[in-house]
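The values are calculated or read from the model by the stated rules, or taken from the named source; none is laboratory data. Only a predicted model underlies this, so the values are computations on that prediction, with no experimental measurement involved. Every residue, glycine as well, gets a Cβ built from its backbone with ideal geometry; the counts of neighbours run over all protein chains shown.
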Amino acid sequence: MSDFTGPDQYQKFFDPKAYLERYFSLAGDTVDEYVHFVLKHLSQVFNSGKVKGETLIDIGTGPSIYQLLSACEAFNEIIATDFTERNREEFKAWLTNQPGAFDWSPVVKYACQLEGDRIPWNEKEDCLRKAIKQVLQCDILKDNPTDPVVVPPADCVLSCLCLESACKDQESYITGLNNISTLLKPGGYLVLVGVLGNVYYMVGERKFSALFLTESFIRESLCNAGYVVEEFVSSEKPDESWEGTAQFSSIYVFVAKKMA
Ligand SMILES: C[S@@+](CC[C@H](N)C(=O)[O-])C[C@H]1O[C@@H](n2cnc3c(N)ncnc32)[C@H](O)[C@@H]1O
């Protein structure tokens, strides 16, 4: 029997609150190294002036907002997407300021600090809420991932920790990558964020599989899917605090331009 966590298990067992509590509630004032690394680099990417435009689609948003905090000032419209109903509901709870929604404010404050506190954290939250125009169902293994909705190709597609969660092997990773690429305009940017060398991650007491990725496999897949890789950054090996929670060797951000 395969250890792969399939679509039915995501629908049944991916508990958005447990996920957010484990990975995004701050111990004291400090974010963990994943959040720090990703916020820092996404801030550089989206403040560079190069990756900007009208629309950004985030693939596999989950219940999370951290990945959109810098993007919301570079794009007028953001479309969030996820496979599970519960994740979309949790995301919408934050979007509409419902009581009991996850408190992202410490992460938002940290993101603002990294950007030099140009705007107060509550304005950043407002900016993001205004930019998010749709929250759609998504399955990256479908030819049109947002089926039955057809969205016009975007200026940027962002995806964090999704392909490695959704794909059971290298072949399906390549399929997923090609599918999400149909949502991107030629000349637009794909920003891929995730972890290398991982095999699992915990959500509450449940183990979710992760596809073991290497830099060279992602590079080759991007190249074969019609991209030019413009940036790649990765972290040093993370510390031991991840033991028992996830098992990865480094965190990465790829920025790739879709060839016209
Ligand atoms: C580790 S979470 C990452 C969530 C978010 N991007 C983040 O960085 O916190 C993986 C996400 O992939 C989503 N997912 C799993 N299978 C998927 C599929 N076939 N298509 C799209 N998303 C999928 C899950 O619902 C989950 O939200």
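So ASP103 passes all but one of these: (1) among the acidic types (Asp, Glu); (2) surrounded by fewer than 22 Cβ atoms within 10 Å (Cβ to Cβ); (3) in a helix (DSSP H, G or I). Which condition number does it fail?
It is condition (3) that ASP103 fails.
Any idea which of VAL135, VAL149, VAL157 is part of a loop (DSSP other than H, G, I, E, B), in contact with a strand residue (DSSP E or B) (Cβ under 9 Å, 6 or more places away or on another chain) and within 16 Å of the ligand (Cβ to nearest atom)? Full working, then the answer.
On the way: VAL135 fails: part of a loop (DSSP other than H, G, I, E, B); VAL157 fails: part of a loop (DSSP other than H, G, I, E, B).
Of the residues listed, the single one that is part of a loop (DSSP other than H, G, I, E, B), in contact with a strand residue (DSSP E or B) (Cβ under 9 Å, 6 or more places away or on another chain) and within 16 Å of the ligand (Cβ to nearest atom) is VAL149.
Inside the stretch 163-232, counting only strands (runs of 3 or more DSSP E) that do not spill past its ends, which hold 1 or more residues that are touching a Pro at 6+ places or on another chain (Cβ under 7 Å)?
Numbers: elements: 184-196, 200-203, 206-209.
Hits in the stretch 163-232: 184-196.
Looking at the stretch 106-118, which of its residues are in contact (Cβ under 8 Å) with a residue 12 or more places away in the chain and either over 22 Å from PHE37 (Cβ atoms) or part of a helix (DSSP H, G or I) (or both)? Talk me through it step by step, then tell me what you get.
Applying the first criterion (in contact (Cβ under 8 Å) with a residue 12 or more places away in the chain) to the stretch 106-118 yields 106-112, 114-115.
Across the stretch 106-118, the qualifying residues are PRO106, VAL107, VAL108, LYS109, TYR110, ALA111, CYS112, LEU114.
Pick out the one residue from TYR23, TYR10 that is surrounded by 15 or more Cβ atoms within 10 Å (Cβ to Cβ), in contact (Cβ under 8 Å) with a residue 40 or more places away in the chain, under 17 Å from the mean Cα position of the chain (by Cα) and in a helix (DSSP H, G or I).
The conditions single out TYR10.
Do we have any residue at all in the stretch 86-103 that's over 30 Å from ASP239 (Cα atoms), modelled with pLDDT of 95 or more, touching a Phe, Trp or Tyr at 6+ places or on another chain (Cβ under 9 Å) and within 12 Å of the ligand (Cβ to nearest atom)?
yes
Taking the conditions exactly as written (closer than 16 Å to TYR34 by Cα, surrounded by 15 or more Cβ atoms within 10 Å (Cβ to Cβ) and touching a strand residue (DSSP E or B) at 6+ places or on another chain (Cβ under 7 Å)), does SER209 satisfy them or not? Full working, then the answer.
Details: closer than 16 Å to TYR34 by Cα: no; surrounded by 15 or more Cβ atoms within 10 Å (Cβ to Cβ): yes; touching a strand residue (DSSP E or B) at 6+ places or on another chain (Cβ under 7 Å): yes.
No, not satisfied.
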